[in-house]
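Below is one structure, written out as structure tokens; comments come after it.
Read-outs throughout are calculated quantities, based only on the coordinates presented, and are distinct from any laboratory measurement. Because the structure is predicted, anything quoted here is derived from the model rather than measured. Here Cβ is always computed from backbone atoms with ideal geometry, including for glycine, and neighbour counts include all displayed protein chains.
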């Protein structure tokens, strides 16, 4: 696999020129300068490229190994690479300083995480989940639990996991049956959880499991679910590691990709019961867990960008070095990147990756505004926008990442199907992202069934107002006017599609089914338009630099990427309006039991 080089120039463009470092304007960040941000990104790029990236193939080939005693050994070099990450202070990058973190904005943390996900997605999953555990305990844990577990998590001495799924309860968490019985100030948990990412490993001394379970008198359904902290190793009052808790890795999964990440079946309470501590309120475990899940969903979108970027770099490098065929009138073979069909694939990969990164970082900037803005109304508006953007970032980005990785295989031709190039690994690794943290269909239902319904589409309409403003700015520039017209038309498609979803969803009969049928096409349409919006903004910035006489080829390439996204990719998304407006009777009539 080709060596990974972090896309620092593009990150600086999005954060500094497109967003104008607006995340640094809040009072708590007044001492943080653009120069310091860029220094942080450069240091992360070194660790990701020099230490993590070379282990990507190692992890894929070796995987993780479970031993007879339930312990798990990770691939060669993983423990040292993780320790280098911890020693560099990367684990607590966006955590508040009062808790021992560095208090950097989410846009910086997300940019850093993209690098590590590009470099080694299997290893990057571990600190990604730890960050979610930190967020959940910070918001919902008691002072005693925070004192016991947060220092180890923030410092990276502990890692965190999320334990939701059980064999009989896939995405339907109302069926969770893990049991938590009161035992003095704690609880004793018994049950089994499956698909637990980094549920057992050898890179830290302790693992902090956040577990959904039911108390004996809990009602059925979601209201009976509570959340518990269950450490692999008990923690003493002085913070030292105590005895082993009653938690065992029963098996690890043999997966299509991310082989270096141990995905475990965990058994709680095979002996005396696993000691656990209630987080937050009884019966509100699902609500508390959503804090961790939403953080993870955004970061899964970051993973998608990371995999797409790595696939782009691999395909571009191969297309430059591989010679085959001749251009018309030429006497010698040319690089395959000179053929226009390959150029189409390469530009599609690059332009879409640029757009996805910009959208993901726009979501991160709104997360910063929701946390840090001084005005309560502004924080509320930002959170409403985040709530809309997260399902789009998670679902649309990961779907596109799979397609971009697949296109990378196609650029490689037959060699792409051979493992030694690494192109196939990127596709295999990427394929899990549309599935975990709530499948992408669930993300679409969240957007169309909950986020639209709760405010009548007000948050999406506010986003579309910004899309329209960018379209007008493009129309005001003679060189970019065509892009503005196309972008505005896409925005109108979303408004029409949104009204279709809202109207059908309000019908007394069949409304819920209609929303389910329309949800995924609507998310695809919105994702295309929002990416086009971000690239429209990028085109304005790049064209302004070109008009000012800057001959940096980067701006020319960014302008070309914007032209591709709006002119050639957006029409694919706009076609979803026809899907939304089509008759759905075929779905009613489809008999899934027939071949």
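With all distinct Cα pairs included, what does the Kirkwood hydrodynamic radius of the stretch 439-595 come out to in Å, to one decimal, could you say?
16.8
Mark the label point 7 Å from the Cα of residue 20 along Cα→Cβ and return the residues of the stretch 524-565 whose backbone N is within less than 19 Å of it.
It comes to 533-548, nothing else.
Among 363, 264, 334, 586, which comes first, then next, by fewest other beta-carbon atoms within 10 Å?
586, 334, 363, 264
State the three equivalent ellipsoid semi-axes of the stretch 410-493, derived from the C-alpha gyration tensor as the square roots of 5 times its eigenvalues, in descending order and whole Å.
Output for the stretch 410-493: semi-axes of 36, 25, 8 Å.
What is the extension gain from residue 9 to residue 379, computed as 0.36 nm multiplied by their sequence separation minus the C-alpha to C-alpha distance, in nm to one decimal?
So the chain would gain 130.2 nm between residue 9 and residue 379.
By how many degrees, between 0 and 90 and to the nearest 10, does the Cα long axis of helix 143-155 differ from the longest principal axis of the chain?
Roughly 50 degrees, rounded to the nearest 10.
What angle do you read, to the nearest 10 degrees and between 0 and 90, between the alpha-carbon axis of helix 34-47 and the longest principal axis of the chain?
Long axis of 34-47 versus the principal axis of the chain: about 70 degrees.
How many angstrom separate the Cα center of the stretch 71-146 from the Cα center of the stretch 169-185?
If you average the Cα positions of each part, the centres end up 27 Å apart.
When each pair of different Cα atoms in the stretch 1-126 is counted once in the 1/r mean, what is the Kirkwood radius in angstroms, to one decimal?
15.8
Kindly express, to the nearest 10 degrees and within the range 0 to 90, the angle between helix 78-87's C-alpha long axis and the longest C-alpha principal axis of the chain.
Computed tilt is about 90 degrees.
Assuming a viscosity of 1.002 mPa s and a temperature of 20 °C, what translational diffusion coefficient in µm² per second does Stokes-Einstein assign to the stretch 130-197, Rh being the Kirkwood radius over Cα pairs?
157
Could you work out the equivalent-ellipsoid semi-axes for the stretch 360-443, taking the square root of 5 times each eigenvalue of the Cα gyration tensor, largest first, in whole Å?
Taking √(5λ) for each Cα gyration eigenvalue gives 36, 12, 8 Å.
Determine the gain in length on full extension of the stretch residue 96-residue 220; use 0.36 nm per residue of separation and subtract their C-alpha separation, reporting nm with one decimal.
Taking residue 96 through residue 220 to full extension adds about 40.9 nm, to one decimal.
Full extension from residue 340 to residue 590: what is 0.36 nm times the residue separation minus their Cα-Cα distance, to one decimal in nm?
Length difference between fully extended and current span is 85.9 nm.
Which whole-angstrom value gives the distance between the alpha carbon centres of the stretch 351-409 and the stretch 189-207?
29
Could you list 171, 406 in order of exposure, starting from the residue whose Cβ has the fewest other Cβ atoms within 10 Å?
Arranged by neighbour count, lowest to highest, 171, 406 become 171, 406.
Bin by bin, in steps of 5 Å, what percent of the Cα pairs in the stretch 7-78 do you find, going until the bin that has the longest distance?
Here the calculated profile for the stretch 7-78 is 3, 13, 16, 14, 11, 10, 9, 9, 8, 4, 2.
Going by C-beta contacts inside 10 Å, put 528, 140 in order with the fewest on the left.
Going from least to most buried by this count: 140, 528.
Is it possible to state the helix-based mean residue ellipticity at 222 nm for the chain, with each DSSP H run of 4+ residues giving -39500 (n - 2.57), the sum divided by total residues, to the nearest 500 deg cm²/dmol? What is it?
For the chain, the value works out to -17500 deg cm²/dmol.
Would you kindly calculate the translational diffusion coefficient of the chain, applying Stokes-Einstein with the Kirkwood radius from alpha carbon pairs, for 37 °C and a viscosity of 0.692 mPa s, and quote it in µm² s⁻¹ without decimals?
131
So for the stretch 83-123, what are the equivalent ellipsoid semi-axes in whole Å, largest first, each being the square root of 5 times an eigenvalue of the Cα gyration tensor? All intermediate terms of the calculation are to be shown ahead of the outcome.
On the way: eigenvalues 73, 32, 7 Å².
Output for the stretch 83-123: semi-axes of 19, 13, 6 Å.
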